[in-house]
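The values are calculated or read from the model by the stated rules, or taken from the named source; none is laboratory data. What you see is a predicted model, and the numbers here were worked out from it, not measured in a lab. Glycine also receives a Cβ, built like all others from the backbone with ideal geometry; neighbour counts cover every protein chain displayed. Protein only, heavy atoms only, side chains kept; ligands, DNA and RNA dropped before computing areas. Shrake-Rupley method; radii C 1.70, N 1.55, O 1.52, S 1.80 Å.
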Amino acid sequence: MAVHPLIGKRAPEVTLPSATSEPYALKPGSTGRPMAIFFYPASGTYGCTKEACEFRDALAKKEVFKRTECDVVGISCDPPEKQKMFVDQHGLPYPVLSDTTEEASKLYSVNKGLLGLSKGRVTFFIDRDGTVLDVYESVIQFSQHVAFVEKRLAMLPEKPSE
């Protein structure tokens, strides 16, 4: 598999509708915290629900997510109304954004998965400064996306004291 074109580059900034239809400015690196942005095929499907809930649980329970204060953002092409139902039904504590125009998908070079039969499932790991350090892409192995982020968080140097 080829190296993703954003690795080593600044993560793109984009404004998308949130689950409440309000504009959400996605600006990786602006908070000084690492960020995981996961693109997924469709809210409410089995694999996407499992992945989204695993990120929810990791934020609440996994020490490395808490210690690093990792920000998590989910993005799919579903409209805000569907995102709101998804967020409410599963108690997702992080922003879930609507990319109906596929603007973010294009900026992040998220391709179709499963031989073009599905939207892509891609997770971007971004450092505290907004640089894309690594990318994990797998439509089928939805449970591996949280493990990928957990591994990358564990490799991050400690945040300097202020």
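Computed values, structure above
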read-out: Which listed residue, of Thr68, Thr49, is among the polar types (S, T, N, Q), surrounded by 14 or more Cβ atoms within 10 Å (Cβ to Cβ) and either more than 18 Å from Arg152 (Cα to Cα) or without any contact (Cβ under 8 Å) to a residue 12 or more places away in the chain (or both); value: Thr49
read-out: Hits in the range 1-43 (condition: β-branched (Val, Ile, Thr) and open to solvent by 20 Å² or more (accessible area, probe 1.4 Å)); value: Val3, Ile7, Thr15, Thr20, Thr31
read-out: Failed criterion for Ser30 (all others in (1) closer than 25 Å to Ser109 by Cα; (2) touching a strand residue (DSSP E or B) at 6+ places or on another chain (Cβ under 8 Å) hold); value: (2)
read-out: Filter result (open to solvent by less than 30 Å² (accessible area, probe 1.4 Å), part of a helix (DSSP H, G or I) and not hydroxyl-bearing (Ser, Thr, Tyr)) within the range 81-114; value: Gln83, Phe86, Val87, Ala104
read-out: Selection count where residues are within 30 Å of Thr45 (Cα to Cα), open to solvent by 60 Å² or more (accessible area, probe 1.4 Å) and acidic (Asp, Glu), scope the range 122-149; value: 1
read-out: Evaluation of Pro157 against (1) closer than 22 Å to Arg10 by Cα; (2) free of Cβ contacts under 8 Å to residues at least 24 places away in the same chain; (3) under 14 Å from the mean Cα position of the chain (by Cα) (one fails), failing number; value: (3)
read-out: Qualifying residue in the range 64-80 (condition: in a helix (DSSP H, G or I) and closer than 19 Å to Gln141 by Cβ); value: no
read-out: Single residue of the range 115-139 satisfying the filter (assigned to a loop (DSSP other than H, G, I, E, B) and closer than 14 Å to Ala52 by Cα) that is modelled with the highest pLDDT; value: Arg121
read-out: Test: Lys119 is under 24 Å from Val3 (Cβ atoms) and open to solvent by 40 Å² or more (accessible area, probe 1.4 Å); value: yes
